[in-house]
Amino acid sequence: MSRSAPVAGLAAALLVLTSCSGTPEASLEPEVLTRVLCGLHQQQRDVSGMELASDDDQNTLWQAQVALSTHLSPAIADGIDRADFSVRDLLVGNEPDEENVEEGRSQVDDACADVDEVAPDAELYAGIGCLFVAEGGAVWGDGQDLAIAAGVLDDTYDDLAKAAGQDDSGPLADACADL
């Protein structure tokens, strides 16, 4: 092995590190989705499980976390799923189990501890949502959730969010094509 190999490896590592700062481009890469989810998780961290279930905007952003988590590491997916079970329980009128919500969120805290988070960004959510829509199939619904979340974060994406809320897939695909 040459002496320049470690230097080349360091340069590649620095390039990866510097490209991860700031707001990334919309992508379905797990690194980007993790940064986005961890930023949204941090923003909603102090919102109670009851509020996640009952406030339309908070619930929409929560559903974006749930959608993203299914594409990520088991630690994140399990933590969100655990908390989501209790949030869904609240939606149907069962007694609040904030302890389960907190346990799931703590698991996500641990998984996000070393992640360079991305603050919630409507343009990024719209872009990722439309990438999911373009993929189609099982991930299409995740694209819907993120497109609706983009509309919650910024009125500029209201038309996209309205298209995502329709039963027909055509309007959302058209709205994504117009982005």
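The values are calculated or read from the model by the stated rules, or taken from the named source; none is laboratory data. These numbers come from a predicted model, not from an experiment. Every residue, glycine among them, receives a Cβ derived from its backbone with ideal geometry; neighbour counts consider all protein chains shown. The protein model used for the area step is the full one, side chains on, heavy atoms only, and it has no ligands, DNA or RNA in it. Shrake-Rupley method; radii C 1.70, N 1.55, O 1.52, S 1.80 Å.
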Total formal charge among the other residues, if their Cβ is under 9 angstrom from that of GLY151, Lys/Arg +1 and Asp/Glu -1: -3
Local electrostatic count, ASP178, Cβ distance below 15 Å [Lys/Arg +1, Asp/Glu -1]: -3
Bins of 10 Å, starting at 0 and running to the largest distance - Cα pair percent for the chain: 10, 35, 32, 15, 5, 2, 0
Region 32-179 - percent of accessible surface contributed by carbon and sulfur, probe 1.4 Å: 43 percent
Local net charge near ALA113, Cβ-Cβ under 15 Å (Lys/Arg +1, Asp/Glu -1): -2
Of the DSSP H helices in the chain, those whose Cα atoms cover at least 18 Å axially and whose Kyte score averages 1.0 or more: 4-19, 122-135
